[in-house]
Amino acid sequence: MILKEKSFDKSKKEIKSIKKLKKSMKERKRYVLLMGDKNTELKKDIENLILDFAGVLGFSKICLRWIEINENYDYGIVSINREGLELFKASLCLSSKKIEILGISGTLKGLKKYKVKI
């Protein structure tokens, strides 16, 4: 029983030794406000455009996350990695469908000034 308690204590020490990431090591995100036509399915189209242009490796570099999608007004807010911003813009430029970038911001609160234009 003493051996089991010692191994249990070692596992506690291992759990305590895990530290949080430094702020300089965290991913920096950009929030993008997008607007599409009435005929576009925004979520499917953008994901397919990125996969066609950049492939799976580029898709993982962009690190796409959907924050909000409004199908009635055909706009959406996407969170992407800062390093993948240019790749994201390039993949949208090469599309035949009309998908516009209305604004890019570092915070969701900063997108409010662009959302008023809708």
Virtual paramagnetic centre 7 Å along Cα→Cβ of ASP52, amide N under 16 Å, in segment 76-118 = 88-100
Reduced to Cα centres, the span from segment 82-118 to segment 16-69 in Å works out to 11
Aspartates and glutamates whose Cα lies under 19 Å from that of LYS19, excluding same-chain neighbours fewer than 8 positions away = ASP9, GLU27
Simple label model, 7 Å out from Cα along Cβ direction - LYS23 to LYS115, nm | 2.5
Label-zone membership for segment 49-68, site SER96, 7 angstrom Cα→C-beta point, backbone N under 17 Å | 49-53
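Computed from the coordinates by the stated procedures, all read-outs in this text should not be read as laboratory data. Only a predicted model underlies this, so the values are computations on that prediction, with no experimental measurement involved. Neighbour counts run over all protein chains shown; Cβ positions are idealised from the backbone, glycine included.
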